[in-house]
Each structure stands twice: as C-alpha cells, then as structure tokens.
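Just below is one structure, and these are the notes that go with it.
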Number of protein chains: 2
Amino acid sequence: MSRSHAPALPDRARVEEAARWLSGRVVRTPVLNAPAIDRLAGARILLKAENLQTGGSYKMRGAMLAVGRLAAAGHTGVVAQSTGNHAVAVALAAGRHGLAATVVLPVDAAPVKVARARAAGARVVLAGTAVEERLAAARQLAAADGHPLVDAYDHPDVLAGQGSASLELIEEAERAGTPLDALLLPVGGGGGVAGACLAAAGTPIEVYGVEPLGCDSLARSLAARRPTPVVPAPTIADGLRPDCVGDLPFAVARDAVRGVVRVDDDAIAAAFRLLLLELKVLVEPSGAAGLAGALRLVTGSDDPDGALRPPARPGGSDGVLRVAGVPGGSGGAAPGRYRTVGVVLTGGNVEADVVARLATGPVAGLVRMEGVAA
Amino acid sequence: MSRSHAPALPDRARVEEAARWLSGRVVRTPVLNAPAIDRLAGARILLKAENLQTGGSYKMRGAMLAVGRLAAAGHTGVVAQSTGNHAVAVALAAGRHGLAATVVLPVDAAPVKVARARAAGARVVLAGTAVEERLAAARQLAAADGHPLVDAYDHPDVLAGQGSASLELIEEAERAGTPLDALLLPVGGGGGVAGACLAAAGTPIEVYGVEPLGCDSLARSLAARRPTPVVPAPTIADGLRPDCVGDLPFAVARDAVRGVVRVDDDAIAAAFRLLLLELKVLVEPSGAAGLAGALRLVTGSDDPDGALRPPARPGGSDGVLRVAGVPGGSGGAAPGRYRTVGVVLTGGNVEADVVARLATGPVAGLVRMEGVAA
C-alpha cells in the first residue's frame, strides 16, 4: 500500500506555520456548542464548524496551502483525487491561484460534490470506487499534463493545513477556559486525524479517530502496525469510504492517536439530526460521524469493539491491542472521564434528498434522548 | 390597538448599553457569508446567524435583558406571550435568573417551540391564534400571579436587546471593511426591525422590514401612519403571523425604516433551501424570510407591491406612499444600488418534518439559480 516516498513527518510547528499562512485566506470558522448536546453527552462538546468553510469542508485548508505552494513554485495546473471534498477544495484553491485543476472522483461520488467541483471550474474525471483506481487515473492525468498531484492525505501540506482546524479549536477552547480533554475527527484517508495529532502534540489532549463500521482501515492499521486496507462496507458517510488510510497519516497517527471509535449508520444519522435540529447546522454524514463517535466515547458504550486503543507508545509498550476500557472495562470511556471534548465538523456538502431522508426519524441508536432541549 | 402606556422611545445609546450588558450573557453569533448567495444577489450578503443563539433565536437577547432587570428588581416570576421564540427565550432567561415563567402561545404554535418552552421549565398556556387573545390570557395570568408581563415587542428592553444583534452585525461589517448599505429583518411584532432602526441610527444604512404577503401589518401601518392590524394570511413563516405591529416598534420604525419588502411562501422556501444547502445552517422560515426579502430588494423585483417606502421624514415629507423605486421605478431597488446588505437570521426553531418538506424542491420563485455553487 505504499503510495509515497517516505516524506519527512510534519510536526506541530508546521501546523502552526500553516495556520498563520491560512489566516485571512480561509474562513476562521466558529466553535459552536449546544446545551442539548452537552446534556446528552454529560460533557461539554465543542464543535468546530468547518462545514461553514469555503467549499463546504475543512479540505479547503490543506488544498489552499498545497496549491498555493505549487503556484508559487510556478506550476500552472494541479491534479487531485478524492471522494469529493478534497476535489472541490483543490478546484477552488486552483481557481484562486489561477491554476488549471483536474480532479478524479469515484463513480459513486455524492452528486453535489461532483457539481461543486465542476462549478469551481475543474475538469472532473470519474474513475472506479477504490482509492487505487482513482490514484492510477490521477497519476496518468498528471503525467500527461505535466502537472503535480496534490494527494488528499499523503501530503505534508495537506496534513498541516487540515491540522490548522484542530489547532484553532484547541486554542479557542483554551482561551474560553475549557481546554480540551479529547479531540475527535472522522477518518477517511486519515489526513484530518493525523493533523489533529500534530496540533495536539505536547498537550494532554487525547486524539481519537472515528470510523464507520466496516470502513475501519485506521483501526485495523493500528492493530497490524502498518497501513491495512479494508473492503469498505456500505455507509451513509460517503467521505469515509477510502479503503486504506494513507501512509503519511498512518506514520503520524500510529503512535500519537489514542484510539478509534467505530460507529454505525444509525449513530451517524442520529448525530446528523442532533447537529441539524439542536446546533442548527447542516453537516454531511461523514462530518456528523465525529459527533457520533464523541457521544459514544463519553457515554461509555458497552460495545467491546466500540473504542480501540493502539498499543502504548514504543518504550512503554506491552504490544497488546486493548479496548479503551476503564474500570469495569468494556468499550468506550468511563462517563465523566472527559469534561470537554472537541469535534471537528469536517464538512457540509450533502444532497437535498439525503437531508430530507435523514431529517426525520428518532434521534436514537446512540444515547437516550429524553428531555432534550436547547 | 394601543397596548402600551406611551413609554419613552429607546435610542441607539440604549442598544449599545444592552449590547454591553449582554456580552458574555448571550452567544456572540457569527456573521456568515456564502459565495453562492452573493453571486445570486449580485451583492455581498452578510448573515448574522442568530439561529445559533441560545434558545435558537435572537429573542434571547431582549428576554435576557428584560428578565434580568426584573430579577434585579426583586420579581420572582414573569409572564410572556408570543408565537413561540420569545416564549422560549423568556423561559430560558427566567431559568437563568431563578424566576418562574408562564408563557402563552397560540393554539397553532410550532410544536418544537411549545416543547422547548416546556423543556426550559416554563408553564405553557395555549390561547387562541391572535395577539389580543394571547395578551388577554397573559394579562390575566400576570394579574393572578402578581408577576410582570414581558411583552414580546412593546418593551424598550426587548427592542434594545434585539437591536444588539443588528449592532453587532453593523460593527462587524465595518471592521471587515464592508460596511452595510442596507439591513433587513423579518417583521412579526416589529421588535427586531425597530431594534435595527435604533442600531443603525446616525448611519447611512437603510433598514427594511420583510413581511409575508398578507401578514404585512408594518407595511399597512406605515401607509396609514398608525398601527394597523391585518387578518393574517396563512404562511410557512409561523413567527411572522402577529396580526399587528406593536405600538412601540411602530413609533420607532415609522420615521426610521426605509421600507418593507413583501415575500411569498415560495420565496421564503427558496431562501430556506439556500441557507441550508449553501450556507449550511438551519434557519426557520420566519428567519429565512429576511434573506428572501434581501434577494428581492437587491435583484430589483418587478412587482410594484414588492418594496414600499414610507413617507419621507417629517419636515421634508410629501406625504405620499411610494414604491421604493429607482430610475425606471417599479418595485425593488436597482440592481447594483447596494454593495453590502446585512440580514439577521432571527431563528432556527423548526420541525424536522418541515425541514424534510422544504429541503427538496427547486430553489426558485425568487431569482434564477443556474450556475450556483459555493
């Protein structure tokens, strides 16, 4: 699964540098909070609303940074592949810098993401459903055009850019007097969670990835100690379907991430509704997965597969994969372990008919919902 | 229609004082912007997201201020009437100050608003469908309990509190180097638009109210030069159904508001979808009406009833009610007249089934939608 040539691992300083460069170039999105969600969680949940970012997702951060550097280096075009949001972001970033963009999306991409990439002026190519198929097409196009490939996750600028969203959240929580105890990001190729690990480096914040059941390449990779593909199961979280976490994100996350929380579509749909009806924001299912994972983590799910802790850091490791148990010890954390939990709401690009389908229905499958009100 | 005892008119200083007192007591909501909406409008549209306010609406501002003063004066309970959001806000504000709350809503109130008022700990009474019916019930309850009535609009603290949302928007637009040319608020009882007039006093900003067709008490009141009730027509904007603008809001707005834009349910639904799918926020139809009015104003609708300008200010008045025409002169303003337009998105309390119903469907009825993308 090696797709990169052992690039140097970025660090927290690189995220801070990215944040400075991106200031004024991307939206400083608000950190939101809903009393009803806090009550459900029994903890303060701070939600970084990157669905309000330009292009509708936090992918704009890494894309602006990476494309900006390529433009400064004299390139006249870029090529990218993604499930959708990175493609939209690269298309927009290329437009801002006057570069041509070619983006490769899966044949089953969310139509709104295809439409937005096209509207941003990109040439859109649809290829297969697996990462390797898109990568092959993208490499071919890049070679034909003589344009560099901006990888969706295996790229240090992309990791650093994505990490700036986590950094802003960490800093804002500190300023508000409610520093984060934990930080969760949904995992597709792993760029967001790796960026979060970099942003949280040197702090006591525990970083978790959240993966849909059956799309848990990071969890399996942590267990196997190397990038491990899965055959992605169907999920409403279209952005979390990459079949394998990227090499660079894995290299960053393997010893820094605290664990992975797995969630099913019912939990994601419930989180989608909570965000829509209580927080009043539209977050795509892939982004809502982060909140689903946070609620599972803090309420102490009893599913033993719920939260995986990677082996302890080299040196103090016993090499055993454990559930992130606590006294009593099945899955999830003990209620009350986390006072303040951050979640990056990674994107908001979702079809109108998906909104209509998900908007109604019980806010269940996750936690008890009685007595909820803002 | 006199419901108040000629209270002194509040002024801009009172709004500034309210904003200072409310700082840290209510959410400083973000000002949002979506390139797709700007492209539709041909102008920069700055949207103050008060749907993200505590309680889901800007009514929290006036309620916190008014209830806070009553608590400081030693009262142990309050009574309020409203179509919903003011009742929710008073219930929450009373809870914060340790006061009992009784709120009167119409029998056809949005169920989510009734549920939220109850969840906030208020005693909820349902009475009739008209303002006068709710007021009669509220006065009776207030007299029985010995608690003061916090009017939803005819109250200087409520106007000043609501005005603080407009003030924050005006100031943030100035700081961003894009000062407002116009500011629009949807009109129920008129508290919001009157607060906006106070906040904009002394600036060149033109303040407009937005009313659903057939719920246009402010437009009719401006024409008649006195508060004039209507028999409210059915509308999806449940918060804009009060049958008459309040005396105090009218007294403030009559010589300060630039005009009223009337919008139909199709335009409100289209604005709802734009806000949901492009801005990524959930705004209730009553709040979305503000954007519908703004798009109508800046794109220069050809409906002569679209935008009404009140008589010019006393002294320079010709006493004639005119459409807010410009060269060529039918309804609406000339495209290009406004570079930056502010809208307060007043609330986001909406039923899941209404979201599902409104989420799909053409974003039409208002302006051409081709080529829209973030």
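Key figures for this structure:
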item: Spans of strands (runs of 3 or more DSSP E) in region A:1-117 with at least 1 residues more than 14 Å from every other protein chain (Cβ to nearest Cβ), touching a Pro at 6+ places or on another chain (Cβ under 9 Å) and buried (at least 20 other Cβ atoms within 10 Å of the Cβ); result: A:77-81
item: From the options B:209, B:214, residue that is crowded, with 24+ Cβ neighbours inside 10 Å and away from every other protein chain (no Cβ under 14 Å); result: B:209
item: Residue match in region A:133-151 (condition: away from every other protein chain (no Cβ under 14 Å), at pLDDT below 95, within 22 Å of residue A:284 (Cβ to Cβ) and out of contact with any Leu (no Cβ under 7 Å at 6 or more places or on another chain)); result: yes
item: From the options A:301, A:317, A:330, residue that is under 15 Å from residue A:213 (Cβ atoms) and either outside the structural domain of residue A:235 (by TED's automatic domain parsing) or modelled with pLDDT under 95 (or both); result: A:301
item: Test result for residue A:364, modelled with pLDDT under 90, within 14 Å of chain B (Cβ to nearest Cβ) and surrounded by fewer than 24 Cβ atoms within 10 Å (Cβ to Cβ); result: yes
item: Residue in region B:266-287 that is in a strand (DSSP E or B) and either more than 16 Å from the chain's Cα centre (by Cα) or not assigned by TED's automatic domain parsing to the domain that holds residue B:52 (or both) present; result: yes
item: Unique residue being over 16 Å from the mean Cα position of the chain (by Cα) and either surrounded by 24 or more Cβ atoms within 10 Å (Cβ to Cβ) or over 22 Å from residue A:340 (Cα atoms) (or both) when the list is A:185, A:248, A:222; result: A:222
item: Residues located in region B:97-122, provided they are modelled with pLDDT of 95 or more, touching a Ser or Thr at 6+ places or on another chain (Cβ under 9 Å) and of a type outside the set (A, V, I, L, M, F, W, C); result: B:98
item: Boolean, residue A:342 is within 30 Å of residue A:200 (Cα to Cα), modelled with pLDDT of 90 or more and at the interface with another protein chain (Cβ under 8 Å from one of its Cβ atoms); result: no
item: Residues satisfying the stated conditions in region A:251-276, i.e. of a type in the set (D, E, K, R) and surrounded by fewer than 24 Cβ atoms within 10 Å (Cβ to Cβ); result: A:254, A:255, A:258, A:264, A:265, A:266, A:273
item: Enumeration of residues in region B:188-215 that are among the β-branched types (Val, Ile, Thr) and part of a helix (DSSP H, G or I); result: B:193
item: Selection count, region A:118-132, where residues are under 18 Å from residue A:63 (Cβ atoms), more than 14 Å from every other protein chain (Cβ to nearest Cβ) and aliphatic (A, V, I, L, M); result: 2
item: Pairs, first more than 17 Å from residue B:154 (Cβ to Cβ) and not assigned by TED's automatic domain parsing to the domain that holds residue B:69 in region B:1-23, second hydroxyl-bearing (Ser, Thr, Tyr) and modelled with pLDDT of 95 or more, C-beta under 8 Å, six or more apart; result: B:19/B:164; B:22/B:164
item: Criterion: in a loop (DSSP other than H, G, I, E, B), surrounded by 22 or more Cβ atoms within 10 Å (Cβ to Cβ) and either within 13 Å of the chain's Cα centre (by Cα) or not polar (S, T, N, Q) (or both) - qualifying residue of A:234, A:229, A:242; result: A:242
item: For residue A:266: the one exception among (1) free of Cβ contacts under 8 Å to residues at least 60 places away in the same chain; (2) closer than 22 Å to residue A:38 by Cβ; result: (1)
item: Residue count for region B:203-221, restricted to those that are of a type outside the set (Gly, Ala, Ser), over 16 Å from residue B:296 (Cα atoms) and in contact with a helix residue (DSSP H, G or I) (Cβ under 9 Å, 6 or more places away or on another chain); result: 4
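The values are calculated or read from the model by the stated rules, or taken from the named source; none is laboratory data. Here the structure is a predicted model, which is why all the values come from computation and not from measurement. Counting neighbours? That spans all protein chains shown, and the Cβs are built from the backbone with ideal geometry, glycine included.
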